[in-house]
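What follows is calculated from the coordinates using simple rules that are stated; it is not laboratory data. Fair warning: this is a prediction, and the values are worked out from it, not measured in the lab.
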């Protein structure tokens, strides 16, 4: 949901309010806390940071870091099966 919202905003197809951005970002971080795998947790964190760039552009710097962690965790999870 957060990724769809920020993509819509970035392409000019959607307006966002601070309240909506906050809800989406916090929702993503809540999903991260409940994630059943490390990869899912890092993906949710990346989504939360991505949508938060709407109001604080420097949050964008965390997105690639979380994405990289998600990829590494996914590789570990796949090879440990």
(request) Report the extension gain between residue 33 and residue 81 in nm, rounded to one decimal, defined as 0.36 nm multiplied by the number of residues separating them, less their alpha carbon distance. (result) 15.0 nm
(request) Please give the helix 38-52 orientation as an angle from the longest Cα principal axis of the chain, in degrees from 0 to 90, rounded to the nearest 10. (result) 10
(request) Taking the chain as the reference, fit the longest principal axis to its C-alpha atoms, fit the long axis of helix 18-34 to the helix C-alpha atoms, and give the angle between the two in degrees, 0 to 90, nearest 10. (result) 10
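Restricting to Cα pairs below 8 Å that are 6+ residues apart, what does the relative contact order work out to for the chain? Please round to a whole percent.
Values: 92 pairs, mean separation 22.8, N = 81.
Dividing the mean separation by the residue count of the chain yields 28 percent.
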